[in-house]
1. Identify, please: which residue in region 161-170 is open to solvent by 70 Å² or more (accessible area, probe 1.4 Å) and of a type outside the set (Lys, Arg) and is, among those, modelled with the lowest pLDDT?
2. For region 271-301, how many residues meet the condition of being open to solvent by 70 Å² or more (accessible area, probe 1.4 Å) and assigned to a strand (DSSP E or B)?
3. Could you list, in sequence order, all residues of region 336-348 that are assigned to a loop (DSSP other than H, G, I, E, B) and of a type in the set (A, V, I, L, M, F, W, C)?
4. Assuming Gly358 fulfils every condition listed in (1) among the small types (Gly, Ala, Ser); (2) part of a helix (DSSP H, G or I); (3) on the phi > 0 side of the Ramachandran plot apart from one, which condition is it?
5. Search region 96-144 for residues being modelled with pLDDT under 95 and assigned to a strand (DSSP E or B), and hand back the single one that is most open to solvent (accessible area, probe 1.4 Å).
6. Looking at Arg330, Arg359, Arg348, which is the one that is in contact with a Gly (Cβ under 6 Å, 6 or more places away or on another chain), more than 19 Å from Leu453 (Cα to Cα) and either modelled with pLDDT of 95 or more or open to solvent by 30 Å² or more (accessible area, probe 1.4 Å) (or both)?
7. Name the residue, out of Arg444, Arg377, Arg436, that is part of a strand (DSSP E or B) and surrounded by fewer than 19 Cβ atoms within 10 Å (Cβ to Cβ).
8. Scanning region 362-374 for residues that are of a type in the set (S, T, N, Q) and either part of a helix (DSSP H, G or I) or modelled with pLDDT under 95 (or both), which turns out surrounded by the fewest Cβ atoms within 10 Å (Cβ to Cβ)?
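The values are calculated or read from the model by the stated rules, or taken from the named source; none is laboratory data. Just so it is clear, the structure is predicted and the values come from calculations on it, not from any experiment. Neighbour counts run over all protein chains shown; Cβ positions are idealised from the backbone, glycine included. These area figures cover heavy atoms from the full protein model, side chains too; ligands, DNA and RNA do not enter into them. Shrake-Rupley method; radii C 1.70, N 1.55, O 1.52, S 1.80 Å.
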Amino acid sequence: MGSGCAVLDFDGDGLLDIYLLTFGGADSKSVNRLYRQLPGGRFEDVTAGSGLGIPGLNHGVAVGDVNNDGRPDILLTQYGAIRLFLNVGGGRFEDVTSEAGLLNPLWGVSAAFVDYDRDGLLDLVVVNYLDYDPKKECPAVDGGVNYCGPSHFPPITSKLFRNRGPGISGGKPTRTRFEDVSFASGIGRLPGPGLGVVCADFNGDGWPDIFVANDGEPNRLWISKHDGTFVDEAVTRGVAYTMTGKSYAGMGVAVGDVDNDGLLDLYVTHLDIQTNTFWKQGPRGQFRDQTAETGLLATKWRGTGFGTLMADFDLDGAVDLAVVNGRISRGGQAHDTGLGHWETYAERNQLFANDGRGRFRDISSSNPAFSRWNVGRGLVCADFDNDGAPDLLVTTIGDRARLFRNVAPNRGHWLKVRAIEPNLNRDAYGAEVRVRAGGREQIRVANPAESYLASSSPVVLFGLGHATAVDSVHVTWPDGSREVFSGGPVDRVVELRKGEGRTP
C-alpha cells in the first residue's frame with residue numbers, strides 16, 4: 001500500500017519543507033523524517049527533536065492549522081490508529097491525539113482537513129480501508145503466497161471528526177478537541193474500501209463535499225446538506241461507476257478544471273488491466289466518464305496508478321496530469337533496477353500534456369522522471385524553488401523518495417495565490433480562486449489534500465501562457481461569501497486576505 005508524504009512551511013520562513021513517512025512498524029529503526037529547506041534549494045534533516053521522528057505503520061498525512069494559531073499541524077494515518085501533532089513553534093511538534101479525542105483503531109489511509117460546517121475550524125475526514133486479518137494467506141498463480149486483494153476482507157466506514165476548538169476534558173483544558181460525528185453525519189453509515197479523498201464544492205451550493213475513491217466498490221460522493229449531514233449521491237451524479245458500469249480499483253484522486261469551463265473534473269487511478277477513469281463535470285453537479293474522449297486511453301504504457309494530480313506544468317493555462325505507478329502483484333517487466341524483491345512490482349510513471357481544450361497527449365517517454373522504473377505510491381506537487389513552476393515529490397516502495405524539479409522549456413507566465421482568512425490566522429482551506437487573464441478564466445481550490453496518502457501546498461498556482469497582466473481575481477471563501485480583487489502584473493505571488501476585496 002505504501003506511505004505518503006507532505007510539503008509544508010512548518011517554520012514560516014517562506015520555503016517549503018518535506019515530511020516523509022515510513023512503514024517499518026513500531027520496532028523499526030526507521031522513523032518518519034522532517035526536512036527543512038535551506039536557502040539555495042538544499043534540505044536539512046531536522047527530525048531529531050521535532051517530535052515527528054516516530055516509527056510505525058504510517059500510511060498517509062494531512063496538514064492543516066487545527067487551532068488557528070498560524071502554524072500548520074500534522075495528522076498521520078496508520079494501520080490501527082491516527083495521530084495528531086500540534087506545531088508548537090521552534091521546529092517542535094507535540095502529540096496531542098489523546099488530548100484531542102481522536103480515536104480511529106482502524107486501517108486509516110488518506111485524510112483531509114475540511115471546514116464542513118463552515119464554523120472557521122478545520123474538521124477532519126479519515127478514509128479507512130479494510131477489516132484486515134493478518135492470518136489470512138492468499139495464493140499466487142505460481143503456487144507461492146501473494147499479497148491479498150481487497151475482496152478477501154470486508155470494507156469499513158470512513159470517519160468524520162468535528163473540530164470543537166479548545167475546551168475542557170477530564171477537568172483539564174485542551175488546546176483542541178474533536179468530536180466523532182461519523183455516524184451522525186451519515187458518512188459512517190456506509191462502509192467502503194476507501195483509499196483516496198478530495199474535498200471541494202462539487203454541486204455549486206457553496207458548501208464543501210467529499211469524494212472518496214473506493215477499491216473495487218462504487219465510489220462515494222458525499223454531498224453536504226448544510227446541517228452537518230451528508231448524503232452519498234455518487235450514483236445519481238455519475239461518479240460511482242465507470243462508463244461500462246464497473247466498480248474499478250480506485251486509488252488516487254486528482255481534481256481540476258481541464259478545459260477552463262469553470263467546473264471541477266475528477267480523475268481516479270486504477271489497476272493496469274482496468275485503465276484509469278476521467279469524469280468530466282457538466283452540467284454543474286453531474287459527471288460523465290469521458291476517459292476516451294479526452295485521449296487518456298491512448299497511453300504509451302499502462303500501469304497500476306496510485307498518486308495522481310492535475311497541475312499546469314508548462315504554465316500555458318491548461319492543467320496537465322501526472323500519475324505514479326506500481327504494481328500490486330508479481331509479474332512485472334522491469335529488470336536491472338536494483339530493487340530486489342520489489343523489482344517485479346516496478347512500473348514507469350506517466351505524464352499527460354493538455355492541449356488547452358481538455359484533450360491529453362502522453363509525453364511520459366520524453367521525461368526522465370516518468371520513464372524511471374519504480375513502485376510509485378505518494379505524489380505531491382508544489383513550487384519548491386519559488387520559480388513559479390510546479391515541481392513534484394514522489395514516494396516509492398523499496399526505494400528512495402525523489403524530488404523532481406520542473407525544467408520545462410518555454411514556460412508561460414504565472415501567478416501564485418495564497419488565500420488567507422485574517423480572523424482565523426490561517427490559509428482559507430476550501431476557498432475557490434478564479435483568475436481572469438488573457439481572455440479566459442481558470443479555477444483552483446485551496447486544499448492541499450489530494451492524490452494518495454499525501455498533502456501538497458494550499459497555495460494555488462495558475463499558468464497564464466502569453467498573458468502579460470491579470471485582469472482580476474475572484475475568491476469564493478469557505479463560508480460562501482465572495483470577493484473580487486484587482487489584477488496586476490504576472491510572475492508573482494499575491495496574498496489575498498478576506499475582507500480586503502470588493503463585493504462582486
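1. The qualifying residue modelled with the lowest pLDDT is Gly170.
2. Total meeting the criteria: 1.
3. Leu339, Ala346
4. (2)
5. Across region 96-144, the extreme among qualifying residues is Pro139.
6. Checking each option against the conditions leaves just Arg359.
7. Only one candidate passes the filter, namely Arg436.
8. Ser366
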